[in-house]
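Just so it is clear, none of the values below were taken in a lab; they were calculated from the coordinates. Owing to the predicted nature of the structure, the values given are computational and were not obtained by experimental measurement. Cβ coordinates were reconstructed from backbone atoms using ideal geometry, including for glycine residues, and neighbour counts include every protein chain displayed.
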2 protein chains.
Amino acid sequence: MSELRWDPLKFRWVIIATERGRRPGDFEIPKEEKKLKVCPFCYGQEEKTPKEVFAVRRDGSLPNTPGWKVRVVPNRFPALSSEAELRREGIGLFDRVEGVGAHEVVIETPHHEKSLGDLDPEDIFLVLLAYRERIRALQQDPRIRYILVFKNHRAEAGASLSHSHSQIIATPVMPFIVRQELIAAKEHFSRKERCIFCDIIKNEQLLGHRVVADMDHFFIWAPYASCFPFETWLFPKRHCHDFAKLDDDELFELAKAMKAMLYGMKHVLNDPPYNFVLHTSPVTSKRPGKPGYWGTIEYDFHWHIELIPRLTHIAGFEWGSGFYINPTPPELAAESLKEVVASIF
Amino acid sequence: MSELRWDPLKFRWVIIATERGRRPGDFEIPKEEKKLKVCPFCYGQEEKTPKEVFAVRRDGSLPNTPGWKVRVVPNRFPALSSEAELRREGIGLFDRVEGVGAHEVVIETPHHEKSLGDLDPEDIFLVLLAYRERIRALQQDPRIRYILVFKNHRAEAGASLSHSHSQIIATPVMPFIVRQELIAAKEHFSRKERCIFCDIIKNEQLLGHRVVADMDHFFIWAPYASCFPFETWLFPKRHCHDFAKLDDDELFELAKAMKAMLYGMKHVLNDPPYNFVLHTSPVTSKRPGKPGYWGTIEYDFHWHIELIPRLTHIAGFEWGSGFYINPTPPELAAESLKEVVASIF
């Protein structure tokens, strides 16, 4: 079983995979994704993964057989698992939480060679549908405080298998970065009764020079304080805190926007390794006075996606300070990206 | 000129190197350190670096000529520079600070092939002496709020040249991670009138199973909430907030402890890439009511060194959540390290 431990100096939780217990000889630095003889994510290899928890399938096809377009399966080596009993305890100076949660893999396409950005919007829509359905399902578990969807594209960005996939990790505590965003957004709202994300969209539209694409439903921009070269964020224009509340039409519009965002990055940067994360609202309690109650979260938070090409190293300075040094001003990144993105419409 | 920009959602500063302006074609992911025909850090190549700001030299040898054992030179591509005029300004929704500061390289040895851990304690002492002298000098600049010493060992950990070196970056704002530590330590002290770092040493001595080495003057341990496998922290046993206050005897004891720490990691993990950072106290004002005044910082903070071997990836999950997944419990890391470390005494 894993456990979460609290760092009393850094004020953040860490997941310690106590049962994996990797010893000194167990590490090698992977230079590329594992080359397996048979890819467990490929069409026809469904029995090589744990049993699927969601799939988009041809009518009449059975679970864990061919006939799917998108499949979600539990991670074979989960960082967190739903089977443990949730305990939150203090041990002397320190704090721990049982490693309760979920860790799932979204297999985005049956085609081994296609990446997410290669798919048509119709197929990207199905991947987003899988995200939404799994978030909705995991939100029902009262032990869960956050559900993070993320993607590692290529070994340099942390992918261990090359078949295109994203991951979902549900945690019993709120992650540090999301908590920070929520606190900043709450403070802004409580002072001004306006959403900080909506304010940022308006500010950036006015200035214009960091805008990558100003679409009907989505706003793509290079953020003012980008940590990485060509970092790009996607904000929905309709204020909404929770990704799980999107309807199918909105998901399809988002699929088109994601296609544009990934296409722009691929063409401007020659298909780089990348990560993206979906920040949706935490899973909170609606009842004042209950654990997990966070007040006016529907007004405060605004779901969004952050995309980072991995072109620079995270080294000692970044680790030790929390500072990032970005050699490409976001204004320059936006200039390069916006022309290419416009060309696909 | 660089500038620092504030992220109003993540509550952290980012350094944007506006003048470097790296465009899409300028990125390639280095697989190893640059292979230069002539190493600019080598003995006899002193004219290939900017002019030295500090050196330990044979009596009578001239600056920027041979005769040195350790040299400190400005970084040729500095992230921050002392030449700008400090301005702190708000621009609409956002905030910026002129990229004032310093960025220096500590060339740790004249020998191209030796790494820091290969040096004798007598030579490691000279490297630590260079850190102390440069920190003392940079503390005199009233525009500076923090001085971070760090090291990237090997390309996988972010080193761009293989000749053994560390770096010093002085910033006009307090880095996010240090600020968090300082706030945690201040809160602990204000409640209990005890240093949280001193309390942690006592707690860990009592429990014992995360101790790597309990030396006369230094305490080396695998921290309870380690983010990385075999992460190791070194705390001085004598409470002291500021590394610059160490005398030569203490520096020599520290050199022996560093040697032990690096030797243990090298032998247990087969010479891995690594980073370390020195967290000393921020440069604060002593006068209440002045900018940069932080109160009882001498009591609150406790300088220390954090060492992380780079055995795992920083990928989408870590980036998007601030969570780390550590597959090696620190108790297991301490068990492996302590025997090897004990063997060198």
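So which GluC sites (Glu not before Pro) in the range A:186-222 are both in a DSSP loop and have at most 16 other Cβ atoms within 10 Å of their Cβ? Don't skip to the end; give the middle numbers.
Working: sites: A:187, A:193, A:204; in loops: A:193.
Within the range A:186-222, the qualifying GluC sites (Glu not before Pro) (loop, at most 16 other Cβ atoms within 10 Å) are A:193.
Can you give me the P(r) profile for the range A:161-238? Cα pairs, bins 5 angstrom wide beginning at 0, each as a whole percent.
Over the range A:161-238, the share of Cα pairs per 5 Å bin runs 3, 12, 17, 19, 20, 17, 8, 4, 1, 0 percent.
Taking θ as phi - 60°, what are the ³J(HN,Hα) couplings along the range B:40-56 by the Karplus curve (6.51, -1.76, 1.60), each to the nearest whole Hz, with x for Gly and Pro?
For the range B:40-56, the Karplus curve yields x, 9, 7, 4, x, 10, 4, 6, 7, 10, x, 4, 5, 9, 7, 7, 9 Hz.
Go through B:151/B:202; A:186/A:245; A:10/B:186; B:259/B:338 and tell me which ones have a Cα-Cα distance over 18 Å in this structure.
B:151/B:202; A:186/A:245
What is the set of long-range amide H partners of residue A:310 at a cut-off below 5 Å, with H atoms built 1.01 Å from backbone N?
Amide H neighbours of residue A:310, under 5 Å, 5+ apart: A:274, A:275.
Strictly under 4.7 angstrom between C-beta atoms: which cysteines of chain A have no such partner?
A:227, A:240
Shape of the range A:249-345 from its Cα gyration tensor (a ≥ b ≥ c, root eigenvalues): rounded if a/c is under 1.5, otherwise prolate when a/b > b/c, or oblate?
It comes out oblate by the Cα gyration axes.
Need the list of aspartates and glutamates near residue B:37 for cross-linking: C-alpha distance under 17 angstrom, and skip anything on the same chain fewer than eight residues off.
Correct list for residue B:37: B:46, B:47, B:113.
Looking at the P(r) of the range B:81-186, how many percent of alpha-carbon pairs lie beyond 25 Å?
35
Using a Förster distance of 35 angstrom, determine the FRET efficiency expected from the C-beta separation of residue A:299 and residue B:199, and round it to 0.05. Kindly include the intermediate steps, with their values, before the conclusion.
Numbers: r = 40 Å, r/R0 = 1.15.
It comes to 0.30.
Hey, for residue B:289 with labels 7 Å out along Cα-Cβ, what do the inter-copy distances come to in nm, ordered shortest first?
4.6
Please state the equivalent ellipsoid semi-axes for the range B:1-133: what are the square roots of 5 times the Cα gyration tensor eigenvalues, largest first, in whole Å?
On the way: eigenvalues 231, 69, 44 Å².
Ellipsoid half-lengths, sorted descending, are 34, 19, 15 Å.
Hand me the trypsin sites (Lys or Arg not before Pro) from the range A:260-345 located in a DSSP loop with no more than 16 other Cβ atoms within 10 Å, in residue order please.
Working: sites: A:266, A:286, A:310, A:338; in loops: A:286, A:310.
In loop regions of the range A:260-345 (DSSP not H, G, I, E or B), the sparsely surrounded trypsin sites (Lys or Arg not before Pro) are A:286.
Say a label goes 7 Å from Cα toward Cβ at residue B:25 in every copy; what distances in nm does this one have to the rest, shortest first?
For residue B:25, the other copies' label points sit at 5.0 nm, shortest first.
Debye sum, Cα scatterers, the protein assembly as shown, no solvent: what log₁₀ I/I(0) at q = 0.07, 0.08 1/Å?
Taking Cα atoms of the protein assembly as shown as identical point scatterers yields -0.47, -0.63.
What do the square roots of 5 times the Cα gyration tensor eigenvalues come to for the range A:78-125, in whole Å, largest first, as semi-axes of the equivalent ellipsoid?
They are 40, 11, 9 Å, listed largest first.
Can you work out the Karplus-derived ³J(HN,Hα) for every residue in the range B:187-192? Use 6.51 cos²θ - 1.76 cosθ + 1.60 with θ = phi - 60°, whole Hz, and x for glycine or proline.
3J(HN,Hα) across the range B:187-192, in whole Hz: 5, 4, 5, 5, 7, 10.
Please give the charge dipole size of the range B:3-343, origin at the Cα centre, charges +1 on K and R Cβ atoms and -1 on D and E Cβ atoms. Round to the nearest 20 debye.
The dipole of the range B:3-343 has a size of about 820 debye.
Taking the Cα centre of the range B:200-314 as origin, work out the dipole magnitude from +1 charges on Lys and Arg Cβ and -1 charges on Asp and Glu Cβ, in debye rounded to 20.
280
Could you work out how far the C-alpha centroid of the range B:73-115 sits from that of the range A:219-233, in angstrom?
23
Please tell me the relative contact order of chain B in percent, rounded to the nearest whole number, where contacts are Cα pairs under 8 Å and at least six residues apart.
Answer for chain B is 17 percent.
Within 10 Å of each Cβ in B:220-231, how many Cβ atoms from other chains are there, averaged over the peptide?
Numbers: counts 0, 0, 0, 6, 12, 15, 4, 7, 2, 7, 3, 1.
What the average comes to for B:220-231 is 5.
Out of the range A:47-156, which GluC sites (Glu not before Pro) are coil in DSSP terms and have no more than 15 other C-beta atoms within 10 Å?
Hits after loop and neighbour filter: A:83, A:85, A:113.
Using a 10 Å cut-off around each Cβ of peptide A:303-315, what is the average number of partner chain Cβ atoms that fall inside?
5
Any idea what the residue B:111 label distances to the other copies are, label 7 Å down the Cα→Cβ vector, nm, shortest first?
5.6
Describe numerically, in nm with one decimal, the distance between label points set 7 Å from Cα along Cα→Cβ at residue B:136 and at residue A:114.
6.6
For the rotation taking chain B to chain A, which residue of B has the Cβ nearest the axis, and how many Å away is it?
So the chain B residue sitting closest to the axis is B:314, 2.
Can you compute the modelled spin-label distance between residue A:247 and residue B:339, with each label point 7 Å from Cα toward Cβ, in nm?
6.5
Roughly speaking, what % of Cα-Cα pairs in the range B:3-343 are separated by over 27 Å, rounded to a whole number?
The calculated P(r) of the range B:3-343 puts 49 percent of pairs beyond 27 Å.
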